[in-house]
Amino acid sequence: MPNTLPVPHVAVVGAGLGGLAAAGVLLRAGATVDVYEQAPVLGEAGVGMHLGSNGSRLLFRWGLEEALRAVAVRPDALEVRAPDGRLLVRRPMGDTWEKEYGAPHLTVLRSDLHALLADRVPSGRIHLGARLKSVAEDGDGVRLRFADGRQTSADLVVGADGVHSVVRRAVAGEERPVFSGSSALRGVVPAADVPGLAPDTMYMWVGPEARLLVAPVDAGRRLTYVAVLPETGLVEESWSATGEAAALAAAFDGWHDDVSSMVRAAGTPGRWALYDREPLPYWGRGRTTLLGDAAHPMLPHHGQGAGQALEDAVALAHFVDGTPDGLRRYEEFRRPHTTRVQLGSRGGGARKARPAGDAPAGGAGGGLQQVVDDLSWVHHYDVEAALVESAAGAQRGRPARTSEAADV
Ligand code: FAD
C-alpha cells in the first residue's frame, strides 16, 4: 500500500509512453517528479499500435476513457486471411472482447496515446533536449549528467529511456542485442486509399514467410499496417530507418487485391529490424531502476511493449518510498511477469497464426486459437489487483503471487 515515508524526488529519464505514464502515476502518488527527454520537442511517431485490455483498463482508471475512445478504434473483429484472400478465421472483438476481459482491445496512434499521457504531467516538469550521458550514486542521491553539460540530482532514478537505454547500461553493462531474423515495415495510410477493407475490422494476411497486419486508427480515418518479413542478413537496430517500398511490393506480390491496394497506398514505410535482449536477472542498483523497454525490450508479436510499461508504472508508484528497498520490491514484483511476456513474444503472437503449407481453414484457425490462448492471461492481468493480492499474501507470510503462479 502507498508509503508513508517522506516524498521522494524522482528523475525519470525518457518521455516516451513508459516514462510519461510513470511520471503521471508517481505525481499522483505524491512524489516530486522531473522527466528528462533527449528530443528537443515532445512527441511520438504517428504510427499505430495495439493496446490490450491490460493497458486500456489502466488508462480508463486514470480518467482517460472518454478521450481515448474518441481517438482510438475498438475493432469489431479480427479476420485472418490467406494470401489469396480466403477467410481462415474470424474472431469477434468489440463487445465480446470487452465483456470477456473487462476492458477493450483498442488500436490507436502512438502520437495520440502519447499526447494523452503527456497531458497528465505539467510541462514544467518535462525537460527537453536533455540527453542523459551518465548516472552515478552520490551520497544519498543519484547524480545525472547530460550531453549539454547540465547536471542534476534526485533521490531515485527511473530509466525509461527505451531499448538503447543509457541507464540500463549503467545497471547491467554492455549487452548483445538478440536479432529475431525479421524486420517490421510499418506506417499509416488514409483509410479511403484501401476502400475494400471494412473500417471496423483488423486484418491479418498470413503466408509461409511474410504477414501483414492492418488495423483502423485515428477514429477510423486512417489504417496502420505492420508487415513482418524475414531478413537474410543482420541489419542495423534502429527505430528511424527507412524501409523500401520495393521490399514491401516484392514480399506481397501476387497476394489478394486488398493487400495490393494496401501496399500501393503504403508508399515508403518505416523499417524496424526486430531485436530484443535477454531478460535481465536484475533491473536496478542502489537508487536506480528501469521501466518499459529499458527493462524488458520485447519483440512486437504480442503487441505488449507499451502495455507492460503502463503496468510497470503502476507497480513502481505502489512500491516507491524513496529507498532502494522500495525499488527492489518493485523489480521483484514485475520481473517474473514481464520476463514471461518478453520470452513469449519471441515465439508467439501472430507468428503462430501462420498456416502450414496448404492447411485447411481449421489448421490456421487452430493457430489463431493458440494466439488467443497464448495471450488471454496477459489481457486478463490486472496489475492493481495483483498488487493487492501480493500485499495480502505478504501479510499472511506467503511469497507474493507472480504471473508464474497465475492461472493461464
Ligand atoms: P520508448 O517509447 O522507446 O521511449 C524512450 C524515450 O526515451 C524516448 O522518448 C527517447 O527519446 C528517450 N531517450 C532515449 N535515450 C535517452 C537519453 N539518453 N536521455 C534522455 N532521453 C532518452 N507496443 C504495444 O504495446 N503495442 C503494439 O502494437 C506495438 N507495436 C510495435 C511494433 C513495432 C514494429 C515495434 C518496434 C514496437 C512495437 N511496440 C508495441 C512496442 C512499444 O512501442 C514499446 O514497447 C514502447 O514504446 C516502450 O515505451 P518506452 O517508454 O519504454 O520506450
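Please treat every number below as a calculation from the coordinates, not as lab data. This structure is a prediction, so every number in the text was calculated from the model and none was measured. No Cβ is skipped: glycine too gets one built from the backbone with ideal geometry, and neighbour counts run over all protein chains shown.
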Inset, instruction - Taking residue 107 as meeting all but one of (1) under 28 Å from residue 29 (Cβ atoms); (2) in contact (Cβ under 8 Å) with a residue 24 or more places away in the chain; (3) not hydrophobic (A, V, I, L, M, F, W, C), write down the number of the exception. - result: (1)
Inset, instruction - Give me the pairs, please: first residue somewhere in the stretch 297-314 and in contact (Cβ under 8 Å) with a residue 40 or more places away in the chain and of a type in the set (A, V, I, L, M, F, W, C), second residue anywhere and near the ligand (Cβ under 7 Å from one of its atoms) and part of a loop (DSSP other than H, G, I, E, B), beta-carbon distance under 9 Å, and either six or more positions apart or on two chains. - result: 298/304; 306/16; 309/16; 309/160; 309/291; 313/160; 313/291
Inset, instruction - Determine, yes or no, whether residue 113 is part of a strand (DSSP E or B) and over 26 Å from residue 323 (Cβ atoms). - result: no
Inset, instruction - Report, by residue number, each residue of the stretch 129-143 that is under 23 Å from residue 331 (Cβ atoms) and near the ligand (Cβ under 9 Å from one of its atoms). - result: 132
Inset, instruction - Go through 297, 279, 324 for me and flag whichever is within 26 Å of residue 10 (Cα to Cα), within 11 Å of the ligand (Cβ to nearest atom) and of a type outside the set (S, T, N, Q). - result: 297
Inset, instruction - Go through the stretch 161-170 and count every residue that is in contact with a Ser or Thr (Cβ under 8 Å, 6 or more places away or on another chain) and over 18 Å from residue 298 (Cβ atoms). - result: 2
Inset, instruction - Report yes if residue 270 is surrounded by fewer than 21 Cβ atoms within 10 Å (Cβ to Cβ) and over 22 Å from residue 172 (Cβ atoms), otherwise no. - result: yes
